[in-house]
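One structure below.
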Amino acid sequence: MKKIGLFGGTFNPIHNGHLNLLRQVQAEMQFDELLLIPSHIPPHKAASDLASGNDRLEMLRLAIEDMPEAGVCDIELHNSGKSYTIDTLKKLRQIFPTADFYFIVGTDMLLTFDEWKQWREILKLTYLVASGRDEGEYERLLEKAQKLNKDRIIVLHTQPFPLSSTQIRQKVKAGEDVSQLLPPKVLRYIKQKGLYR
């Protein structure tokens, strides 16, 4: 059975925090394939300075060039409305009818997971892989996993790399140095395209 890891997000832009998490999860889970899925309009966020879907897709491609098992999936960018995980999973199930899906989520996502649209259905279609970014988070995640469905939720202990895309956009706008926070090719792309100015 093929194991496919799924990592969704706005990726506005993708940064070293994302990549650090992905590498840790991949080392632990050993996915056959890893799909990064940029969202069209994220249901939980106001998207004021959102780069275009094509720009975010291209930055993802550049960021994962050295990860042979990783690929980019533009399935949500074709949506006309908001991107809901349940709809994406149903479409992916048609493309990969026999694969096991593992949907990678952060702390805040797991802690509010039972507020998601059709969350019980989501757990029938995929396992959740949650990672605690801070030390205290790990215990809270385990507790939440027990409450929701401990058979379908895997909690990993990962080394935190606290960083947000919002911080990066603010720094770019202010003309600050972000070379330590982004893959070099992504930084070059942002400069070339004049994004987040």
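The values are calculated or read from the model by the stated rules, or taken from the named source; none is laboratory data. Here the structure is a predicted model, which means the values were calculated and not measured. Using ideal geometry, Cβ is built from the backbone for each residue, glycine included, and neighbour counts are taken over all protein chains shown. The area values use the complete protein model at the heavy-atom level, side chains included, leaving out ligands, DNA and RNA. Shrake-Rupley method; radii C 1.70, N 1.55, O 1.52, S 1.80 Å.
At a glance:
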item: Per residue solvent-accessible surface (Å²) - the stretch 1-87, probe of 1.4 Å; result: 43 Å²
item: Whole-percent carbon and sulfur share, accessible surface of the stretch 140-196, 1.4 Å; result: 47 percent
item: With every protein chain in place, the stretch 1-128: carbon and sulfur % of accessible area (1.4 Å); result: 49 percent
item: Per-pair calculated FRET efficiency, R0 = 41 Å: Glu176 and Gln118 via Cβ, rounded to 0.05; result: 0.50
item: In sequence order, calculated HN-Hα J values of the stretch 2-16 (Karplus, 6.51, -1.76, 1.60; Hz; x Gly/Pro); result: 6, 9, 10, x, 10, 10, x, x, 6, 6, 10, x, 5, 9, 5
item: The stretch 151-197 - convex hull of alpha carbons, volume per residue in Å³; result: 114 Å³
item: Residue among Phe11, Phe161, Phe31 with the largest mean-square fluctuation in a Gaussian network model of the chain, springs linking Cα atoms under 10 Å; result: Phe161
item: Projected label distance in nm at Glu65 and Lys147, using a 7 Å step from Cα toward the beta-carbon; result: 4.4 nm
item: Amide H partners (placed H, <5 Å) of His15, local residues excluded; result: none
item: Per-q log10 I(q)/I(0), the stretch 58-160, q = 0.17 Å⁻¹ (Debye; single scatterer per alpha-carbon; no solvent); result: -0.92
item: Residue-averaged [θ]222 nm for the chain, counting only DSSP H segments that reach four residues, each worth -39500 (n - 2.57); result: -12500 deg cm²/dmol
item: Amide H partners (placed H, <5 Å) of Gly9, local residues excluded; result: Ile37, Ser39
item: Average accessible surface area per residue within the stretch 148-191, 1.4 Å rolling probe, Å²; result: 60 Å²
item: In degrees, nearest ten, helix 135-149 long axis to first principal axis of the chain (Cα); result: 40 degrees
item: With 5 Å bins from 0: P(r) over the chain, alpha-carbon pairs, percent; result: 1, 7, 16, 19, 21, 18, 11, 5, 1, 0
item: Extension reserve of the Leu77-Gln159 stretch, reckoned as 0.36 nm per residue once the Cα distance is removed; result: 26.5 nm
item: Qualifying trypsin sites (Lys or Arg not before Pro) for the stretch 89-125 [loop in DSSP, other Cβ within 10 Å: at most 13]; result: Lys117
item: Cα-Cα P(r), the stretch 127-176, percent of pairs per 10 Å interval; result: 25, 34, 23, 15, 3
item: Point-to-point label distance, Glu28-Lys191, nm (Cα→Cβ direction, 7 Å offset); result: 3.5 nm
item: Viscosity 0.890 mPa s, temperature 25 °C, Stokes-Einstein D of the stretch 1-104 from Kirkwood C-alpha radius, µm²/s; result: 174 µm²/s
item: Gaussian network model of the chain, Cα within-10 Å springs - most flexible of Ser83, Ser179, Ser131; result: Ser179
